[in-house]
Amino acid sequence: MEKKPFLTLEQAREIMQDIPTPFHIYDEKAIREKARAVNKAFSWNKGFKEYFAVKATPNPYLMQILHEEGCGMDCSSYTELLLCEACGITGSDIMFSSNVTPVEDMQKAYQLGAYINLDDVTHVPFIEKVCGVPETICCRFNPGGLFSMGNQIMDNPGDSKYGMTEDQMVEAYKKLMADGAKEFGIHAFLASNTVTNGYYPELAGILFRLAVRLHEKTGAHIKFINLSGGIGVDYRPDQPANDIMAIGEGVRQQFEAILTPAGMGDVAIFTELGRYMLAPHGALVATCIHQKHIYKEYVGLDACAANLMRPAMYGAYHHITVLGKENEMCDHVYDVTGGLCENNDKFAVNRVLPKIDIGDVIYIHDTGAHGFSMGYNYNGKLRSAEVLLCEDGSHKLIRRAETPADYFATFDFSPFWEKLK
Ligand SMILES: *Cc1c(COP(=O)(O)O)cnc(C)c1O
């Protein structure tokens with residue numbers, strides 16, 4: 001599908017009058033529409049809730065928008081829990097899916113009344129010791145082996161650190177019941193960034209059958225099944241987009257085929273989507289500040305991999321539009337780079353684009369999840385601002401850019417000043 005920016009050059013220039021590039025910008029209208037589409041696709045399930053994966057885009061303004069649309073939040077750390085608390089999101093609106101969990105993180109999740117998802121059978125005595133067992137508790141499943149669909153290998157759970165085996169799930173449920181747990185959840189995350197409508201239904205089939213077995217073996221009441229994240233986005237123009245209505249319908253069919261006949265038609269479906277919720281609704285806006293011609297053509301931006309790590313880290317594709325040149329011929333081939341002293345700091349390699357001039361505004365697509373949040377300070381680079389494009393077309397700064405003072409804030413300079421006296 002053709003990839004279109006949600007921002008025009010004119011709008012970008014207006015924002016740049018008070019917020020210089022680089023910045024990440026998010027499209028409020030599209031975010032609300034996305035949340036409504038996900039809720040609609042699963043509206044057949046009475047207890048359905050999407051718990052947005054906070055790690056994808058930990059910004060309280062965006063979390064608030066999603067919460068207004070009926071979403072809860074999925075956290076994995078103490079600070080993410082604090083963010084929820086600050087937004088007034090507590091209790092069963094939080095799913096806590098952590099691993100290698102520190103004591104204070106577990107205690108904070110318990111204190112907030114979150115649904116806690118235990119990553120391992122050894123976390124049963126751990127939670128007993130550090131806070132106690134809540135009435136509703138979830139366990140994370142890992143089926144091992146390879147996860148394939150048809151003849152396509154999707155991912156390798158047998159090689160992943162998360163979750164527990166089926167026997168351990170049984171053991172954990174029994175222990176938790178003895179400790180007073182009354183209602184149970186099942187969680188699994190088996191493949192990331194899938195672009196097939198079949199992933200969730202396939203996963204749902206596996207988890208629904210597991211739920212029936214767990215209920216038979218332990219008598220536990222299964223309250224919810226959390227399909228977690230993994231619905232991907234079409235980063236490339238030639239990729240198909242996922243169809244959330246088809247995905248919801250595929251999960252419904254598995255539900256009717258497996259859970260309803262087992263007398264488990266009251267199970268709530270949860271999701272923990274991050275990428276699918278926000279990736280397409282954010283963009284990194286940067287300015288071309290240099291160009292060079294050596295053995296290849298390079299255009300250099302005022303943004304770098306510290307603002308968007310995915311291309312450097314995974315070789316990930318992010319589509320690029322030169323704002324204002326949407327209809328010009330793509331007759332140049334560029335490497336689009338940032339200024340880190342690392343040769344993998346390239347947003348694009350051998351990308352066919354229109355002729356780029358210094359001062360052009362570059363729009364990097366699909367940075368709304370795992371974009372800003374994976375930022376870092378290598379080379380003394382500072383994290384950018386985050387901007388919200390509001391529904392009425394105005395814009396709002398929802399996180400200022402870092403300054404050198406932020407970068408230095410964790411040093412104590414006093415011993416150095418002492419020497420100067
Ligand atoms: C990262 C993560 C998610 C979100 O994954 P996406 O690919 O962004 O949908 C959901 N649940 C857990 C436990 C995660 O670690």
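Each value in this text was obtained by applying a stated rule to the coordinates, not by laboratory testing. Since we're looking at a predicted model, the values are computed, not measured. In this analysis, Cβ positions are derived from the backbone assuming ideal geometry, glycine residues included, and neighbour counts consider all displayed protein chains.
Some points to look at:
- Given their separation in residues at 0.36 nm each and the Cα-Cα distance between them, residue 40 and residue 378 gain 117.5 nm when the chain is fully extended.
- The long axis of helix 166-178 is offset from the longest Cα principal axis of the chain by roughly 70 degrees.
- Of the residues 327, 45, 193, the one that moves most in a GNM of the chain with alpha-carbon contacts below 10 Å is 327.
- Label-point separation in nm, residue 405 to residue 103, each point 7 Å along Cα→Cβ: 3.7
- Candidates 105, 238, 155, ranked by Gaussian network fluctuation over the chain, Cα under 10 Å, top entry: 238
- Stretching the chain fully between residue 175 and residue 416 yields a gain of 81.2 nm (0.36 nm per residue, less the alpha carbon separation).
- Legend: Rg and Dmax of segment 28-279, from Cα coordinates, 17.1, 53 Å.
- Sites listed here are trypsin sites (Lys or Arg not before Pro) in segment 218-299 whose DSSP assignment is loop and whose Cβ has at most 11 other Cβ atoms within 10 Å: 296.
- With Cα atoms as the point set, the chain shows a radius of gyration and Dmax of 23.2, 81 Å.
- DSSP-defined beta bridges in the chain - what % are antiparallel, rounded to 5: 45
- Rg over Rh, two decimals, segment 1-139 (C-alpha only, Kirkwood Rh): 1.08
- Taking other C-beta atoms within 10 angstrom as a stand-in for reagent exposure, 358, 231, 19 fall in the order 358, 19, 231, fewest first.
- Over segment 165-264, relative contact order from alpha-carbon pairs under 8 Å, at least 6 apart, %: 37
- Panel order for 390, 75, by other beta carbons found within 10 Å of each beta carbon, from fewest to most: 390, 75.
- Multiplying the residue separation of residue 130 and residue 293 by 0.36 nm and subtracting their alpha-carbon distance yields 52.7 nm.
- Subset of 40/396; 40/182; 174/217 violating a 21 Å alpha-carbon distance limit: 40/396; 40/182
- 11 Å cut-off, amide nitrogen to a point 7 angstrom out along residue 245 Cα→Cβ, residues in segment 1-41: 41
- Paired Rg and Dmax values of segment 289-341, which use every Cα atom, in angstrom: 12.1, 34
- Top of 369, 262, 211 by mean-square fluctuation, Gaussian network on the chain, Cα under 10 Å: 262
- Burial ordering of 416, 372, fewest other beta-carbon atoms within 10 Å first: 416, 372
- At an R0 of 22 angstrom, the distance between the Cβ atoms of residue 316 and residue 61 translates into a FRET efficiency of 0.30.
- Mean separation of Cα contacts under 8 Å (6+ apart) over length of the chain, as relative contact order %: 19
- With Cα atoms, 0 to 90° folded angle of helix 199-218 axis to the chain main axis: 30
- When +1 charges are put on Lys and Arg Cβ atoms and -1 charges on Asp and Glu Cβ atoms, the dipole computed for the chain relative to its Cα centre reaches about 300 debye.
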